[in-house]
Each structure stands twice: as structure tokens, then as C-alpha cells.
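Just below is one structure, and these are the notes that go with it.
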Amino acid sequence: MKREILTMLRENGEYVSGQQICETLGVSRTAVWKAINGLKAEGYEIEALQNRGYCLVSAPDVLTEAEVGSRRCDLWKDSPLVVYDETDSTNIQAARLADQGAPEGTLVIADAQTSGKGRRGRHWATPHGISLAMSFVLRPKFCPEKASMLTLIAAYACREAVSELTGLEPLIKWPNDIVLNRKKITGILTEMSMEEDYISRIIVGIGFNVGQDHFDGELKDKATSLYMETGKHYSRAALACLVMKYFAVEYRKFCEIGDLSFLCDRYNDKLVSRCREVKILSPGAEWNGTSLGINSEGALLVRDSSGKTQEIIGGEVSVRGIYGYV
């Protein structure tokens, strides 16, 4: 009931009468009163005025089913939502749910992870209260060869979500890192499972640095957070829901068109390395070139020293700036 009440208060934007809530949800005034008091105990500021009803004044930065669910406005808003205070990995949990039949759009969120994963088996730290870890289930009908392009769509969706939430203009480090002031705030890990020659499910996992006030060790010069860049605190639930909103729109276009031609110009406009010199690191080889942006298949086009343009495909290839991470 808390999710439904929060949804009504958010959608209305002003006062909602207790009678309206009762009639909409089919519950008693006592039940509504208890739910409202429960929300207040969780940190929500809800104003109650006689003859006017209830108004949501402010909400805490919490990751709960009620908070996230009441904010969802994407195409999959009615799909299952599972929120953990702590879990091993949202990708692991989303994959488990998918293997049990969970539909496309199923979303898993955690306040903290103990075994979060990044690309190439790297650990992604997700401490309590300051990070966002989220994973969602996809069941596309296209061929497996196109799956890698979803990572670029996810990157663009994350960039747009951060921009709408904060007013900042983050950039994308190909293929899927989001950076602010040349430091990473977001990591994306896409994992696919196949049966014979078709995709059975894809899990898109995303991690955000939101409220960290510092990073130590090797991350000190590579990572940052929304708080470190702005000095402000942001709702992680709002961020998660914005990601889902933007991703769902772009994903639907991709499924219709079959490539990234509809996204190339917008993605390239936010590409941190475009028209800049980059270093290409691949097994047994290292060379420098000029980044030209992505093509409709998601490959990074790089002009080498001979003037030839090469297509760089993700996987084991890493693209870095000449003087550092970007």
C-alpha cells in the first residue's frame, strides 16, 4: 500500500484527500493512516491538513520497493521489481529471476553488493547508502550478434539520466563508461545467455557512484561521484527510474530498426574522445589513432597513423586517452 500511496501523492503533486486514497485503493481510513505514519517513520515528510488531505513534501534517499516503484514511469513499470538492502550481485539475482521465467523489464536493485562485478571480472564496490546497483532483464528477439550494441544504449540512457537529475553534462567513454571531469561515475556490465542460436535472456547491470565523498588507492585518479562533483545529494531511486525510462525508449527503437543508426549522432555528440587522439590496447598490440565516433553497429571508428580508418570492436580491446583514463 505504501507504494500506491506514494504514487498517488507524486502524480498529484498537491494534496490528495484521505477519502480519495481509500476509494482508489479499496481500504479503510485507518489503513491509510497507518501507511502514512509508516512512511513518516521511514523519513518521508508528509503534510496532513484537515479538509485537504495529504501532501508529499520531501522523501528520503532510500532504496525500497515503495520508493522505487512509486517513481517508475517507463514502459516496464508494471514488471516485477525486487529491492535488496544487500545482496551478492544484482546481475546474479536478475539472472536467477530470469531463469525462473521473469519477464522483460524485471528490475533488481540493491543498496549494497558484496560481489558486484565489472568488466573483465573486476570488482565493483557498492557500499551501503551511497551507491546504486541495478540490473534488469531483457528478452530480445534479434540475433545474438546484435547484443553488444545494448551496452552502448545503456550508456546513453545513463548519461541522459544523470543529466536530467543533476543538470550536469557527463560524457561517454566508449563503449559504456560515464565520466564527469574525466573520471568515471558509472560502470555497465551486460551478460547474455543463449540457447542454441537464440538469446534466452540478457541482463544489463549498472553501477553508479552517487554519494561517495572520496576514493582511495588506484581509484583516486579514475573515479568520482555525483556528490563529489556537485556537493549535493541525489535520490538513487529517482536515478534508477530515469535510467529505465531512457533505456526503454531507445531499446524499443533499436528492436524496430536493428542497428544504432538512430542513436549514432546523439551518442557521438557525447563521446569524450571524439576527434581526439586515443590509445588502442589489444592483446599483443598497442597503437595510437584519432577517434572519429561510432558507426551504426556500435564499433568505434579510429583513424590510424597511415590515414586508414579501422573499426574497433569491444571485448578485449581497450580505448584510453593518451595521457590517462580518458
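The values are calculated or read from the model by the stated rules, or taken from the named source; none is laboratory data. This structure is a prediction, so every number in the text was calculated from the model and none was measured. Ideal geometry is used to build each Cβ from the backbone, glycine not excepted, and the neighbour counts take in all protein chains shown.
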Would you say Gly43 is over 30 Å from Leu138 (Cα atoms), of a type outside the set (Asp, Glu) and assigned to a loop (DSSP other than H, G, I, E, B)?
yes
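Of everything in the stretch 255-292, what is in a strand (DSSP E or B) and either in contact with an Asp or Glu (Cβ under 9 Å, 6 or more places away or on another chain) or touching a residue at least 24 places away in the same chain (Cβ under 8 Å) (or both)? Give them in sequence order.
Let us first name the residues in the stretch 255-292 that are in a strand (DSSP E or B), namely 271, 277-282, 285-292.
Matches in the stretch 255-292: Leu271, Glu277, Val278, Lys279, Ile280, Leu281, Ser282, Trp287, Asn288, Gly289, Thr290, Ser291.
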Taking the conditions exactly as written (modelled with pLDDT of 95 or more, surrounded by fewer than 18 Cβ atoms within 10 Å (Cβ to Cβ) and under 28 Å from the mean Cα position of the chain (by Cα)), does Glu45 satisfy them or not?
yes
Residue match in the stretch 5-24 (condition: β-branched (Val, Ile, Thr), under 23 Å from Ser235 (Cα atoms), within 29 Å of the chain's Cα centre (by Cα) and not in a helix (DSSP H, G or I)):
no
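Quick one: which residue in Val319, Val326 is at pLDDT below 90 and either closer than 16 Å to Thr151 by Cβ or assigned to a helix (DSSP H, G or I) (or both)? Steps first, answer last, please.
Details: Val326 fails: either closer than 16 Å to Thr151 by Cβ or assigned to a helix (DSSP H, G or I) (or both).
That would be Val319, the only listed residue that is at pLDDT below 90 and either closer than 16 Å to Thr151 by Cβ or assigned to a helix (DSSP H, G or I) (or both).
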Qualifying residue in the stretch 93-100 (condition: modelled with pLDDT of 95 or more and assigned to a loop (DSSP other than H, G, I, E, B)):
yes
